[in-house]
Amino acid sequence: MRALRDFNWPKIKVEDRLIFLGLIRDLFPGINAEAKTDEKLRDDCAEVAKSKNLQPEEGFVLKCVQLAEILEVRHSCFLIGVPGTAKSAVWKNLSDSLTHRKWITAWDIVDPKAVTSDELFGCMNTKTKEWKDGVLSVIMRDMNKS
């Protein structure tokens with residue numbers, strides 16, 4: 001129950017969360033599992049936010065911790081939202097918090113709208129059968145080297 005709830009919660013739109021909780025309660029009647037969070041990471045995220053002159057509000061720090069939890073079980077993810085909702089601040093704060101813990105963090109920025117799908121992912125030349133790497137495959141290969 002905890003895994004289903006905690007892993008999916010950040011990905012569900014706010015207006016659909018009550019429905020989701022109802023489904024979880026129906027699947028696991030009478031069970032109330034407390035959320036497990038990495039309190040040390042929560043503290044590190046708040047500390048790093050303060051050092052960057054950001055307000056370490058509970059919601060902001062929670063999003064940083066939730067992103068870390070998702071990245072523990074996924075290779076990558078997307079942060080989606082309207083402009084000004086702290087998407088960049090969340091992942092940069094998390095990266096700096098992990099660096100503060102002496103973890104090696106690496107990131108790169110790609111604007112997928114600036115290139116074609118073939119340029120983004122790579123493609124095969126139909127005549128020569130030669131593969132041409134895309135932006136993402138080049139980035140992933142370079143990051144894998146380090």
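Nothing in this text is a laboratory measurement; each read-out follows from the coordinates by a stated rule. All values reported here derive from a predicted model rather than from experimental measurement. Cβ placement follows ideal geometry from the backbone for every residue including glycine, while neighbour counts extend to all protein chains displayed.
If one puts a single equal scatterer on every Cα of the chain and applies the Debye formula without solvent, what log₁₀ I(q)/I(0) results at q = 0.09, 0.12, 0.17 Å⁻¹?
Result of the Debye calculation: -0.41, -0.68, -1.08.
Taking the 0 to 90 degree range and rounding to the nearest ten, how far is the long axis of helix 58-73 tilted relative to the main principal axis of the chain, both from C-alpha atoms?
The two axes meet at around 60 degrees.
Give the Rg (one decimal place) followed by the Dmax (whole number) of segment 37-107, computed from C-alpha coordinates and expressed in Å.
11.3, 32
Which entries in LYS13/LYS92; LYS63/LYS87; LYS92/LYS145; LYS40/LYS92; LYS11/LYS52; LYS50/LYS92 show an alpha-carbon gap greater than 20 Å?
Values: LYS13/LYS92 22 Å; LYS63/LYS87 9 Å; LYS92/LYS145 22 Å; LYS40/LYS92 18 Å; LYS11/LYS52 26 Å; LYS50/LYS92 13 Å.
Result: LYS13/LYS92; LYS92/LYS145; LYS11/LYS52 exceed 20 Å.
Report, in degrees rounded to the nearest 10, the 0 to 90 angle that the Cα long axis of helix 39-51 makes with the longest principal axis of the chain.
Helix 39-51 sits at roughly 70 degrees to that axis.
Averaging sequence separations of C-alpha pairs under 8 Å and six or more residues apart, then dividing by the length of segment 37-107, give the relative contact order as a whole percent.
34
Mind pulling the angle between the C-alpha long axis of helix 87-100 and the longest principal axis of the chain? Nearest 10 degrees, somewhere in 0 to 90.
90
Return the Rg/Rh value of segment 106-146, two decimal places, where both radii are evaluated on C-alpha atoms and Rh is the Kirkwood radius.
On the way: Rg = 11.5 Å, Rh = 11.1 Å.
That ratio equals 1.04.
Of the peptides 31-37, 120-126, how do they stack up when ordered by the mean number of other Cβ atoms within 10 Å, highest first?
120-126, 31-37
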